[in-house]
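Student: Below is one structure. I have some questions about it.
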2 protein chains.
Amino acid sequence: MAKAGNHREITVADVAREAGVSKAQAARALGAYGAVSDAVRERVLAAASRLSYRPNQLAKTLNTGRSHSIGVVVGDIENPYFSLATRGISDAVERSGFTVVLTNTSERVMAERAAVNMLMDKRVDGLIVAPASTGDSPHLRAVVDAGRPLVLLDRTVPGLAVDAARADIEPAAREAADHLLDLGHRRIGYITTADGSDVRPDGPHPLPSPVAARVAGLVAGFTERGLTWDPDLLRPCRHDEAAIRKAVLDLVHSPSPATALIASDSLIGQVVVGALQEQGLRIPDDVSVLMYDDQPWARLVTPPITVVAQPTYDIGYAAGARLAALIGGATNPPPLQPLPATLIRRGSIAPVADGPPARHERTPAT
Amino acid sequence: MAKAGNHREITVADVAREAGVSKAQAARALGAYGAVSDAVRERVLAAASRLSYRPNQLAKTLNTGRSHSIGVVVGDIENPYFSLATRGISDAVERSGFTVVLTNTSERVMAERAAVNMLMDKRVDGLIVAPASTGDSPHLRAVVDAGRPLVLLDRTVPGLAVDAARADIEPAAREAADHLLDLGHRRIGYITTADGSDVRPDGPHPLPSPVAARVAGLVAGFTERGLTWDPDLLRPCRHDEAAIRKAVLDLVHSPSPATALIASDSLIGQVVVGALQEQGLRIPDDVSVLMYDDQPWARLVTPPITVVAQPTYDIGYAAGARLAALIGGATNPPPLQPLPATLIRRGSIAPVADGPPARHERTPAT
DNA sequence: TTGAAAGCGCTAACAG
DNA sequence: CTGTTAGCGCTTTCAA
């Protein structure tokens, strides 16, 4: 198939001819490098604009080895966490002149592998990835082995010596646990999502590092008081509204029902709150709710939701800045500091009620 | 600066040598084109995997002219509308083997221009852009003139003969207007955001096409009844929470206050609902609210928000599918059909109250 | 089927 | 300062 249209692209050679100089001089003037007399530069630039010349970045990249672009691989760009972090990344790297190539993997490890390979093949200067899997990650190892700068986002990969930009979740998780325990909650459900390939029917679920930190904080709260958290209350579901909804119902309608629910991110939180409302269960009278990641809507619902907030934009920014530094040749930068997460108490957590929760009609619009 | 690490990249030449064949034959085997004997193919492939060869897509692109990537330029990836549409685009083009290069312009025309140029220079095979400006768009015209496939998203550009994937907003806007008018509303505020460079202090604001359609529907409703909509109630603000909040206060506290507010997208809607709550104004008793773009949280707040929903994912998918077809060589495809938008009545619109709205304390958590 | 050689558009020595 | 000459890694004639 012929190239669409028959617009032959204008090249340096064309500009050089038009300006009456050698190709090399034209290239130098255009690229603003090397030594060029004012007279020549002027003529070349004039010729270039006359022909509306546009340099072919591909050719440039091919022999400089720098594409001035970085790859970003996230699980789900629709998750506000990632879209905000992505903006932080963009803002950080754009000021160093990089373009961001963004790919979405729908939290599937296979898609992540493909995306990383493709970005490597396109010769991006560096990569930021939020790994979907906790397991072995040969594709990430390959990036490191190829000497290409890599920064992880949000999650770490055990055994991979790569810096990660993330929040220091555990203290806030612990504080949240204490908050719930102080109010008498003992049956606390934890709902998270996981890639199918990671969730094995038998044996323990390998949780992504930030989820593990959240759960660790919770468990620590129990342990500290000589209590134990029933691990059966941990519910990893598919990334799927129905699965999350089912987990909620399971948890609140079990013979020994959960009196509080923790949503591992705001997408999950949305479904949890919705499911509870549909069931006619009141927050926090019947069920208390804690959500990870603050979102504007969390303050808008009634009652406003208590959350653990992360400095998401800053995390992204830190990842971008670090990657830019690495690409710029920084050798042994100090490890990235985890950024603080904070518990924001609003209205969705209350003392545990005695006895089983009563069923109510859905609260009418006020 | 030396390339990070001293990993010389493996090239076809290396593979050829390892396999004991010519560079050309190796390339043919690797690229699965031309004629290659089974014996050679086998040896080449074996050699390739032994050396863990990865083809350099850049070099390939440089002489085929196809990058197998498309550029997507949106105003704000944090706007759920765009992040959903983007997923639609990705899903559509990925099945044709394209990678998406996503760029965010923060709704700034200058940034859009830069992004489009950069993508052209990177030789993407085609472009999808949601133009930030209604005005003259030489950078978009340049894309067309270069013969590179282009599809617009959400908004059209007058005078540019390019197909746009979008919703057919006006009928739903009209239905919403009738809904409000039937309930007695006459002072209806319309809050939208606009790029600073488009908002001139004097003269009419050139509205982006989808906003114009929304307003047109509103105006039509008034006109039909022999009424006129006071254009002073149109408030274009910067993309800035404070500006939106100010517009809300202005509107509801004016001597002749608005009895209903229309938010032009869900990001604006969030701020509107929040501002109203802070003012102790009840929805819909004191102020009715209509929001464009349905979002999960709209059903979660009390009362649930009445919205005009668009098939955003499908719009993105249509844009992606069309672009892929164009790149594939489709010559005169039928124009894209606008997809239907629908009014979803929930609880945020009520009959207009008599007299000025009373002030109430913020509704306590139920 | 194969291989040699000529590009794709640009940068980067290397001599003048 | 300027021009000539090689490449970057791959595809693609063109002969053999």
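Just so you know, all these numbers are worked out from the coordinates, no wet-lab data involved. Computed from a prediction, not measured in an experiment: that's the story for all the values here. Cβ sites come from the backbone with ideal geometry, for glycine too, and all protein chains shown count toward neighbours.
Student: Pop the C-beta distance of B:VAL144 and B:ASP121 into the FRET formula with R0 = 22 Å and round what comes out to the nearest 0.05.
Tutor: The calculated FRET efficiency here is 0.85.
Student: Another one. What would the Debye formula give as log10 I(q)/I(0) at q = 0.11, 0.17, 0.18 Å⁻¹ for the alpha-carbon point model of the range B:196-311, no solvent?
Tutor: -0.37, -0.93, -1.04
Student: Okay, next question. Find the Cα radius of gyration of the protein assembly as shown, compare it with 2.2 N^0.38 Å by division, and give the number to two decimals.
Tutor: 1.05
Student: Express in % the proportion of alpha carbon pairs of the range A:133-232 at distances exceeding 21 Å.
Tutor: Beyond 21 Å sits 45 percent of the P(r) for the range A:133-232.
Student: Oh, and also: Given axes a ≥ b ≥ c from the Cα gyration tensor, I'd like to know whether the range A:1-140 is rounded (a/c under 1.5), prolate (a/b larger than b/c) or oblate.
Tutor: prolate
Student: Ordered shortest first, which distances in nm separate the 7 Å Cα→C-beta label point of B:ILE344 from those of the other copies?
Tutor: Those separations, rounded to one decimal, come out as 2.5 nm.
Student: Taking a ≥ b ≥ c as the square roots of the eigenvalues of the Cα gyration tensor of the range B:240-366, is the shape rounded (a/c under 1.5), prolate (a/b larger than b/c) or oblate?
Tutor: prolate
Student: Calculate for chain B the 222 nm mean residue ellipticity that helices alone would give, adding -39,500 (n - 2.57) per DSSP H run of length 4 or more and normalising by residue count, nearest 500 deg cm²/dmol.
Tutor: -12500 deg cm²/dmol
Student: Something else about it: So if I place +1 on the C-beta of Lys and Arg and -1 on the C-beta of Asp and Glu, and nothing else carries charge, what would the dipole magnitude of the protein assembly as shown be about its Cα centre? I want it in debye, nearest 20.
Tutor: Using Cβ point charges on Lys, Arg, Asp and Glu, the protein assembly as shown gives about 2560 debye.
Student: Averaged across B:294-301, how many Cβ atoms of other chains sit within 10 Å of each residue's Cβ atom?
Tutor: Mean inter-chain Cβ contacts per residue within 10 Å come to 6.
Student: Related question: How big is the range A:240-293 in terms of Cα radius of gyration and Dmax, in angstroms?
Tutor: Cα radius of gyration and Dmax of the range A:240-293 are 10.0, 30 Å respectively.
Student: If you don't mind, another one. Can you tell me which of A:ASP195, A:ASP314, A:ASP240 moves the most in a GNM of chain A? Springs connect C-alpha atoms under 10 Å apart.
Tutor: A:ASP240
Student: Work out the charge dipole of the protein assembly as shown with +1 on the Cβ of Lys and Arg and -1 on the Cβ of Asp and Glu about the Cα centre, then indicate which of B:ALA353, A:VAL219, B:PRO255 is farthest towards its positive end.
Tutor: The listed residue farthest towards the positive side: A:VAL219.
Student: Among B:GLY147, B:VAL15, B:LEU339, whose Cα lies farthest out toward the positive end of the dipole of chain B, if unit charges sit on the beta carbon of Lys, Arg (+1) and Asp, Glu (-1)?
Tutor: Value: B:VAL15.
Student: Which residue, B:THR64, B:THR134, B:THR86, has the most motion in a Gaussian network model of chain B that connects Cα atoms within less than 10 Å?
Tutor: B:THR64
Student: Quick one: among B:GLY189, B:GLY65, B:GLY34, which has the greatest mean-square fluctuation in a GNM of chain B with alpha-carbon springs under 10 angstrom?
Tutor: Most flexible of the set in this elastic network: B:GLY34.
Student: B:LYS23 to A:ASP168: FRET efficiency via 1/(1 + (r/R0)^6), r the Cβ-Cβ distance, R0 56 Å, to the nearest 0.05?
Tutor: Step by step, r from the Cβ atoms, then E = 0.60.
Student: Could you give the size of the charge dipole of chain A about its Cα centre, using +1 on the Cβ of each K and R and -1 on the Cβ of each D and E, expressed in debye and rounded to the nearest 20?
Tutor: I would put it at about 1540 debye.
Student: Return the long-range amide H neighbours of A:THR99 (sequence gap of 5 or more, or a different chain), with a cut-off of under 5 Å between placed amide H atoms.
Tutor: A:SER69, A:ILE70
Student: Using a 10 Å cut-off around each Cβ, can you sort A:LYS60, B:LYS122 from fewest to most neighbouring Cβ atoms?
Tutor: Starting with the residue having the fewest Cβ neighbours, the order is A:LYS60, B:LYS122.
Student: Enter the per residue convex hull volume of chain A, computed from alpha-carbon coordinates, in Å³ rounded to the nearest integer.
Tutor: 199 Å³
Student: Report the FRET efficiency, 1/(1 + (r/R0)^6), for B:SER254 and B:GLN337, where r is their Cβ-Cβ distance and R0 is 25 Å, rounded to 0.05.
Tutor: For R0 = 25 Å, the calculated efficiency reads 0.05.
Student: Under the rule of at least 5 residues apart or a separate chain, name every residue whose amide H is placed under 5 Å from the amide H of A:GLY126.
Tutor: Answer set, sorted by chain and number: A:GLY71.
Student: Follow-up. Measuring from centroid to centroid over Cα atoms, what is the spacing of the range B:7-80 and the range B:94-159 in Å?
Tutor: Distance between centres, Cα-based: 28 Å.
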